[in-house]
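Please read the structure below before turning to the comments.
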Amino acid sequence: MTIVPESAIAELISAEAAFDAVEATFGAMARGDAYNFPVIREAIGHADALYGFKSGFDRAGLHLGLKSGGYWPGNDAKGLTNHQSTVFLFDADTGRARAVVGGNLLTALRTAAASAVSIRHLARRDAKVLGMIGAGHQSAFQMRAAAAQRDFEKVIGWNFHPEMLSRLEETAAELGLPFEGVELDQLGAEADVIITITSSFAPTLLDAHVRPGTHLACMGTDTVGKQEVEAAILARATVFTDEVAQSVTLGEAQHAVKAGLIDEADVQKIGDVINGDHPGRTTDEEITLFDGTGVGLQDLAVAAAAVEIAIERGIATEVAF
Ligand code: NAD
């Protein structure tokens, strides 16, 4: 069995490698070659922790396994990350344990890769301004992965907690892009691509803010009740997602479906666009919206890539198991 610790992930997996793994996974899901098993998430009644599993099988990539993880709010005080994840991979032919892989950085990389995949396939080619809503841990990863997809000339951002905007400014500087903190109406008026990555439970971006031609990647809503954008936007947009069942129950689309503005059949699989089975954006005026809910297969794909690279470079730790 191979062990790849959290500390090794940064040097093993680039944003590009994560992009390729996630794009292939979404394609396999849309072809019916890969599926996610039901998610388990429990409040365990200890340390205020939420703990659970995301798992699945990709018959094309032969990725079988699970991500075990959750949220421990007291970790910060102990100098640890509140979100803790570990990926376990199994041999699809024998069921034997194949690898244990640190999953914290991989989670950020695979989430950023998902919105980047949506931008590559759905944003207008001439997109120049990237709008960021959210300035938490994930936002920097999101901005870096997005910046690789179009020739952005500028990043503008808004955050519920304005004091956190410095993270966006620093990340933009790292990318050699100017950054400006703006109000939401200016963000909607100027941005060609908007990423939302917040833990909000009420809409931040309103329908009136969004102009024709915009691509939105809504990445924060991964739980029943969370919401980042007004449901009316989804009625105006062509809506795409990683997994339709999650999108309409716990993703951004849950609210538009509940309000009767769209139904499940209106939500398209991003994998169909990747596979050439859906045209994606068809006009420059169309609003496209990717509802990125996050699936276990993304975790398995990036973890398997990390294992493969670690073995190739001869730095994987092998244990008899
Ligand atoms: P974080 O705690 O570091 O940052 C939270 C962000 O949400 C900050 O920008 C904060 O200002 C903002 N926020 C907090 N309360 C708000 C409110 N009431 N209204 C508007 N904004 C508010 O979190 P993070 O690690 O950056 O994750 C952000 C979100 O992304 C979380 O909801 C997380 O569950 C979700 N997430 C989704 C996926 C996926 O695959 N879709 C993967 C990882 C994380």
Quiz item: Do any residues in the range 293-321 that are assigned to a loop (DSSP other than H, G, I, E, B) have Cβ atoms under 9 Å from those of residues that are of a type in the set (Lys, Arg), where the two are at least six apart or on different chains, and which pairs are they?
Solution: GLY294/LYS54; GLY294/ARG110; VAL295/LYS54; PHE321/ARG96
Quiz item: Does the range 238-251 contain any residue that is within 11 Å of the ligand (Cβ to nearest atom), modelled with pLDDT of 95 or more and among the small types (Gly, Ala, Ser)?
Solution: yes
Practice problem: Quick one: in the range 190-213, of everything that is open to solvent by less than 60 Å² (accessible area, probe 1.4 Å) and aliphatic (A, V, I, L, M), which residue is nearest to the ligand (Cβ to nearest atom)? | Solution: ILE197
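Conditions tested, residue by residue: (1) hydrophobic (A, V, I, L, M, F, W, C); (2) in contact with a helix residue (DSSP H, G or I) (Cβ under 8 Å, 6 or more places away or on another chain).
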position: PRO203; (1), (2): no, yes
position: GLU228; (1), (2): no, no
position: LEU234; (1), (2): yes, yes
position: THR241; (1), (2): no, yes
position: VAL244; (1), (2): yes, yes
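Can you tell me which residue within the range 227-236, out of those that are more than 14 Å from the ligand (Cβ to nearest atom) and surrounded by 24 or more Cβ atoms within 10 Å (Cβ to Cβ), is farthest from ARG31 (Cα to Cα)?
Among them, the one singled out is ILE233.
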Self-check item: Within the range 126-140, considering residues that are crowded, with 23+ Cβ neighbours inside 10 Å and in contact (Cβ under 8 Å) with a residue 40 or more places away in the chain, the one nearest to the ligand (Cβ to nearest atom)
Solution: GLY134
Practice problem: Could you check SER14 against (1) exposed (fewer than 15 other Cβ atoms within 10 Å of the Cβ); (2) under 17 Å from the mean Cα position of the chain (by Cα); (3) under 22 Å from ASP272 (Cα atoms); (4) not hydrophobic (A, V, I, L, M, F, W, C) and say which number it fails? | Solution: (3)
Quiz prompt | Complete set of residues in the range 116-150 that are assigned to a loop (DSSP other than H, G, I, E, B) and over 19 Å from GLU285 (Cα atoms) | solution = GLY134, ALA135, GLY136, ALA148, GLN149
Quiz item: Applying the selection to the range 185-215, what residues are outside any loop (DSSP other than H, G, I, E, B) and over 22 Å from the mean Cα position of the chain (by Cα)?
Solution: ASP185, GLN186, ALA189, GLU190, ASP207, ALA208, HIS209
Quiz item: Taking interchain pairs and intrachain pairs at least six residues apart, which have beta carbon atoms under 7 angstrom, with the first residue in the range 35-53 and within 19 Å of PRO73 (Cα to Cα) and the second in a loop (DSSP other than H, G, I, E, B) and open to solvent by 70 Å² or more (accessible area, probe 1.4 Å)?
Solution: TYR51/ILE44; GLY52/VAL39
Exercise. Answer yes if at least one residue in the range 246-259 is open to solvent by less than 70 Å² (accessible area, probe 1.4 Å), β-branched (Val, Ile, Thr) and over 30 Å from ARG96 (Cβ atoms), and no otherwise.
Key: yes
Self-check item: Looking only at the range 214-226, and only at residues there that are buried (at least 22 other Cβ atoms within 10 Å of the Cβ) and within 13 Å of the ligand (Cβ to nearest atom), the one that is nearest to ARG125 (Cα to Cα)
Solution: ALA217
Quiz item: Tell me, which residue of the range 141-157 that is farther than 25 Å from GLY276 by Cα and among the charged types (D, E, K, R) is farthest from the ligand (Cβ to nearest atom)?
Solution: GLU153
Quiz item: List the pairs whose first member sits in the range 264-285 and is more than 14 Å from ALA237 (Cα to Cα), whose second member is assigned to a strand (DSSP E or B) and open to solvent by 40 Å² or more (accessible area, probe 1.4 Å), and whose Cβ atoms are under 7 Å apart, counting only residues at least 6 apart or on separate chains?
Solution: HIS278/GLN268
Exercise. Take the range 158-182 and flag every residue that is in contact (Cβ under 8 Å) with a residue 24 or more places away in the chain, more than 14 Å from the ligand (Cβ to nearest atom) and not in a helix (DSSP H, G or I).
Key: LEU175, LEU177, PRO178, PHE179, GLU180, VAL182
Quiz item: Given the residues THR107, THR94, THR81, which is the only one that is surrounded by fewer than 17 Cβ atoms within 10 Å (Cβ to Cβ), β-branched (Val, Ile, Thr) and at pLDDT 95 or above?
Solution: THR94
Quiz item: Going by the structure shown, is ASP20 among the charged types (D, E, K, R) and exposed (fewer than 14 other Cβ atoms within 10 Å of the Cβ)?
Solution: no
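The values are calculated or read from the model by the stated rules, or taken from the named source; none is laboratory data. Keep in mind that what you see is a predicted model, and the values were worked out from it rather than measured. FYI the Cβ positions are ideal-geometry reconstructions off the backbone, even for glycines, and counts take in every protein chain you see. The area values use the complete protein model at the heavy-atom level, side chains included, leaving out ligands, DNA and RNA. Shrake-Rupley method; radii C 1.70, N 1.55, O 1.52, S 1.80 Å.
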